[in-house]
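This report refers to the structure that appears directly beneath it.
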Amino acid sequence: MANLKEIKRKIGSVKNTQKTTNAMKLVSSAKLKRTEELAKRSRVYAAKLTELIEEIAQKMQQSNAEGIDNIYFKDIPNPKKVDIVFITADKGLCGGFNSQTIKRVRQHITDYKAQDVKVRLRAVGRKGIDFFKFNNLELTDEIIGLSAAPDFKQAAEFISEVAASYVNGETDKIILIHNGYVNMITQEIKEDHVLPVDTSKLELSSVSTSELEVEPDDDDTLLDALVKRYIEYTMYYSLIDSLAAEHSARMQAMDAATTNAKEMVKELNVKYNKARQEAITTELIEIISGMESMK
Amino acid sequence: MELMKLEIVTPNGVIFDAEVKQVTLPGSEGEFGVLANHSTLVSLLDTGVIVIEKTDGSEVAVAINSGYVKVDEEKTTCIVDGAVALSGDDSDLAKALEEAKTLLKSTEASNTAIAAAVSKVEHIGKSL
């Protein structure tokens, strides 16, 4: 019975796949836990740093009627050149995680092209790089391995280069796009305007009224150091956030795959039993009719 | 004596969050002390040691490599890159001292600044 054998083989292979997906799910959930912990701890730091920088920006705005003239804060109304930094995973098998990010990036490219803005792409993560390479779109910068294992030093080096091109006027705006972690079952695309520092959404409840003293007292030393730190940390935090989202997305995808495999095994089993019964019935009929003819 | 809130945040989380009497910080323009009702100030922090005087009068030292501090009337927030608290039992302390020294030496600050901070750490180690 070739058919029976085939079904049996198929059942075995689906069961194997199920084992693999289940194992991947477990690995992802363990990794997610670790990454989540890391994200939780660094979130406080990121929040404090942002708070500090916003407060300084606000004070500067108050003291200077024409707005802020520091290069990092200067808002360029019609940017001519935009750098998009985007983070994808190095690995696949995580549902729509990577394609969502890529979709958003492409949408930005189309939007900016319509406004006649030059866009440069800087990719972090193999999946994004592969996609744009395959579609013959130029990448200014690419880095593999950083999104799978965020390292502060490496992240800082990478983003500093980007920031340097902003300072020397090569680009007017830097956007960071990544797929962020919301909870175990939800991911959300997040966009950060890295530079210029976004001062439009400043809202501070308790601002002390006394004048702000700054040490060292030429404004720029402190602000430059702070902004540099802020950018580096934004990048690092986005990487962690993206990694957590990647793991949660993979967990979900693998969970769905395991369920589907289970379903498939069930269906195949029914099919197998039917085929077996059919074979037995045919055999019986053959025997009986053989006996009948011998009478 | 009036108290103020002190918070020390590192990339690995909040390591100190409590009411204190006084705190001495290694500012980039020189060491300075902060009491309650200090006027608003933002400063760079250099490699060095933060000395905290707690409500019960005891002192805690925290070695840091670099960071920022934001002071206002009610609250002092230190945002530092790396920190090691120098406290605990003898065995813990010895370990913490070693860690603190490695941390201090790993920074890009000038040699004199590191040497000063290390000697301070050693001094604290002896006095505890």
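Listed values, structure above:
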{"read-out": "Furthest towards positive pole of dipole, B:112, B:66, B:80, structure part chain B, Cβ charges", "value": "B:112"}
{"read-out": "Value at 222 nm in deg cm²/dmol, rounded to 500, when DSSP H runs of n ≥ 4 in chain A each add -39,500 (n - 2.57)", "value": "-22500 deg cm²/dmol"}
{"read-out": "Qualifying aspartates and glutamates (Cα of each under 20 Å from Cα of residue B:21; at least 8 residues distant if same chain)", "value": "B:2, B:7, B:31, B:53, B:56, B:59, B:72, B:73, B:74"}
{"read-out": "Under 27 Å from residue A:15, Cα to Cα: lysines that are on another chain or at least 8 residues apart", "value": "A:5, A:25, A:31, A:91, A:262, A:266, A:271, A:274"}
{"read-out": "R0 of 35 Å, Cβ-Cβ distance residue A:106-residue A:182: FRET efficiency to nearest 0.05", "value": "0.95"}
{"read-out": "Between 0 and 90°, nearest 10: helix A:2-63 axis offset from chain A longest Cα axis", "value": "10 degrees"}
{"read-out": "Given A:40/B:5; A:40/A:113; A:81/A:103; A:190/B:95; A:10/A:190, the pairs whose alpha carbons are separated by over 31 Å", "value": "A:40/A:113; A:190/B:95; A:10/A:190"}
{"read-out": "Globularity index of the stretch A:43-250, i.e. its alpha-carbon radius of gyration over 2.2 N^0.38 Å", "value": "1.06"}
{"read-out": "Dipole of the stretch A:43-250, positive end: most advanced residue of A:105, A:227, A:58 [Cβ charges, Cα centre]", "value": "A:105"}
{"read-out": "Degrees, to the nearest 10: B:90-105 long Cα axis against longest axis of chain B", "value": "90 degrees"}
{"read-out": "Pairwise FRET efficiency - residue A:37 versus residue A:3, Cβ, R0 = 51 Å, nearest 0.05", "value": "0.45"}
{"read-out": "Inter-chain Cβ neighbour average for residues B:63-70, partner chain, 10 Å", "value": "3"}
{"read-out": "Rounded tilt (10° steps) of A:219-294 against the dominant C-alpha axis of chain A", "value": "10 degrees"}
{"read-out": "The protein assembly as shown: translational diffusion in µm²/s, Stokes-Einstein, Kirkwood Rh over Cα pairs, 4 °C, 1.567 mPa s", "value": "51 µm²/s"}
{"read-out": "Unit charges on C-beta of K, R, D, E only; dipole of the stretch A:43-250, Debye", "value": "1400 debye"}
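No value in this document is a laboratory result; all are computed from the given coordinates. Just so it is clear, the model here is predicted, and its values are computed rather than measured. Every residue, glycine among them, receives a Cβ derived from its backbone with ideal geometry; neighbour counts consider all protein chains shown.
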